Amino acid sequence: MSDTHTTVYLYSKCGTCRDAMKSLQRKGVVPDEVVDIFETPPSEERLSEIIAKSGLPIKKFFNTSGEVYKEMKLKDKLPGMSERDMIRLLASNGRLIKRPIVYDGERVTVGYKEDEYENVWKRV
């Protein structure tokens, strides 16, 4: 029995998120928690933890194709921001976060690419 707690942060009306959930199901991954990223974005502390575990640059966590990102002109603003300010910004608005995020305390995926899910979330 696994002691990992798998959380999926998604937006239920997002087709990519639905595809990601189907992919996880096919791999036998049953999330312990599914969180609507728009209603309940991860806290600053949780985001810091996820970003650190992912090994990815923080910019990979921004939904760069989203309306809010574009309205806030973040393409121009992010380079001048501290990591702490970026995390605060992400935690303040789930629409800014690239989705879905799947996190089990060790492994992290951001967005959905089937080949990545195949490598990260395959049955152990």
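The values are calculated or read from the model by the stated rules, or taken from the named source; none is laboratory data. Treat the numbers as computed from the prediction; the structure is a model and nothing was measured. Note: ideal-geometry Cβ built from the backbone for every residue, glycine included; neighbour counts use all protein chains shown.
Observations on the model:
- When segment 95-117 is filtered for residues that are closer than 26 Å to Asp36 by Cβ and out of contact with any strand residue (DSSP E or B) (no Cβ under 8 Å at 6 or more places or on another chain), the ones remaining, listed by number, are Arg95, Gly105, Glu106, Arg107, Gly111, Tyr112, Lys113, Glu114.
- Here the condition is being in contact with a Pro (Cβ under 7 Å, 6 or more places away or on another chain), within 18 Å of Lys113 (Cβ to Cβ) and modelled with pLDDT of 95 or more; of Leu10, Leu56, it holds for Leu10 alone.
- Glu45 being more than 14 Å from Gly111 (Cα to Cα), of a type outside the set (Phe, Trp, Tyr) and within 16 Å of the chain's Cα centre (by Cα): yes
- For segment 83-120, the set of residues classified as among the polar types (S, T, N, Q) and surrounded by 14 or more Cβ atoms within 10 Å (Cβ to Cβ) consists of Asn93, Thr109, listed by residue number.
- In segment 1-28, the residues that are in contact with a helix residue (DSSP H, G or I) (Cβ under 6 Å, 6 or more places away or on another chain) and either at positive phi or in a strand (DSSP E or B) (or both): Leu10
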